[in-house]
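Accompanying notes for the structure given below.
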Amino acid sequence: MMTTNIVLVDDHKLFREGVRRILEFEPSFNVLAEGDDGTTVLNLVEQYEPDVVLMDINMPHINGVQATAELIQHYPETRVIILSIHDDENYVTHALKTGAQGYLLKEMDSDALIEAIKVVSEGGSYLHPKVTHNLVKEYRRLAEENVIKVNEKISEYRKPLHLLTRRECEVLQLLAEGKSNRGVAEALYISEKTVKNHVSNILQKMSVNDRTQAVVTAIRNGWVEVL
């Protein structure tokens, strides 16, 4: 089993301890060190060489986005997941443009945290489902205002039955609505393991790396309804 080495940086000690306890229950995760300030990140990465850095967006002296920019400049192979209380798309896009590969809201459950680290450590990107839904809504708004180019404009809603099974279409629709794997499982009365299999098949068939790309592609092609 491959081990994912993690550095955790958050100025709230109680939250940091809670996250660490969750991560320690995952056999493939190894929390190497903790920090409480963005100024400590470079030193921690230099010393421990982690695969993934979990970092709070709001910290004194240097915030998570600023620290991410500096970190990526010096250690471009390190993958960063931002932890935040903000679901506004401006925060999200700024973090992603700076170099973060993941963006999680602090209201996340333990399953989402574990899934995000696994996806990001394997080279993918991960956004909290609520964040994904907000970005999709913003994309839809821009499309309707003709800001997006004509060839990317949303067409009439139609299921991609030429590409996906009916069940996979249902899963894709729920992903676009911001459902987590657990939320999809509850909505369709199937297991989370089955959901993960469906998501994996969807990504492969759509030739995308992660669920966010899948949702954006689906929106562009009119394959899902954005409520």
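The table below gives the values:
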| read-out | value |
| --- | --- |
| Qualifying residue in the range 62-70 (condition: among the acidic types (Asp, Glu), in contact with a helix residue (DSSP H, G or I) (Cβ under 7 Å, 6 or more places away or on another chain) and closer than 21 Å to residue 2 by Cα) | no |
| Which listed residue is crowded, with 16+ Cβ neighbours inside 10 Å, touching a helix residue (DSSP H, G or I) at 6+ places or on another chain (Cβ under 9 Å) and either in contact (Cβ under 8 Å) with a residue 40 or more places away in the chain or not charged (D, E, K, R) (or both), from 87, 111 | 87 |
| Top-ranked residue in the range 20-37 [being part of a helix (DSSP H, G or I) and either of a type outside the set (A, V, I, L, M) or touching a helix residue (DSSP H, G or I) at 6+ places or on another chain (Cβ under 7 Å) (or both); ranked as most open to solvent (accessible area, probe 1.4 Å)] | 21 |
| Hey, residue 29 hydrophobic (A, V, I, L, M, F, W, C) and at pLDDT 95 or above or not | yes |
| Residue that is least open to solvent (accessible area, probe 1.4 Å), among those in the range 90-108 that are among the hydroxyl-bearing types (Ser, Thr, Tyr) and more than 11 Å from the chain's Cα centre (by Cα) | 98 |
| Segments classed as helices (runs of 4 or more DSSP H), wholly inside the range 38-124, with at least 2 members that are more than 30 Å from residue 196 (Cβ to Cβ) and of a type in the set (A, V, I, L, M, F, W, C) | 41-48, 64-74 |
| Residue 143 being modelled with pLDDT under 60, of a type in the set (Gly, Ala, Ser), over 13 Å from the mean Cα position of the chain (by Cα) and buried (at least 17 other Cβ atoms within 10 Å of the Cβ) | yes |
| Members of the range 43-57 that are surrounded by 17 or more Cβ atoms within 10 Å (Cβ to Cβ) and without any contact (Cβ under 8 Å) to a residue 60 or more places away in the chain | 44, 45, 50, 53, 55, 56, 57 |
| Flag if residue 104 is out of contact with any Gly (no Cβ under 9 Å at 6 or more places or on another chain) and of a type outside the set (Ser, Thr, Tyr) | yes |
| Test: residue 71 is over 21 Å from the mean Cα position of the chain (by Cα) and open to solvent by less than 40 Å² (accessible area, probe 1.4 Å) | no |
| Residue that is modelled with the lowest pLDDT, among those in the range 33-67 that are of a type in the set (A, V, I, L, M) and over 22 Å from the mean Cα position of the chain (by Cα) | 62 |
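Residue by residue, here is whether (1) modelled with pLDDT under 90; (2) within 17 Å of residue 131 (Cβ to Cβ); (3) among the polar types (S, T, N, Q); (4) surrounded by fewer than 21 Cβ atoms within 10 Å (Cβ to Cβ) holds:
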{"position": "169", "(1), (2), (3), (4)": "no, no, no, yes"}
{"position": "181", "(1), (2), (3), (4)": "yes, yes, yes, no"}
{"position": "186", "(1), (2), (3), (4)": "no, no, no, yes"}
{"position": "190", "(1), (2), (3), (4)": "no, no, no, yes"}
{"position": "201", "(1), (2), (3), (4)": "no, no, yes, yes"}
{"position": "213", "(1), (2), (3), (4)": "yes, yes, yes, yes"}
{"position": "218", "(1), (2), (3), (4)": "yes, yes, no, no"}
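The values are calculated or read from the model by the stated rules, or taken from the named source; none is laboratory data. In this text the structure is predicted, and so the values were computed from the model without any measurement. Every residue, glycine as well, gets a Cβ built from its backbone with ideal geometry; the counts of neighbours run over all protein chains shown. Heavy atoms of the whole protein, side chains included, go into the accessibility calculation; ligands, DNA and RNA do not. Shrake-Rupley method; radii C 1.70, N 1.55, O 1.52, S 1.80 Å.
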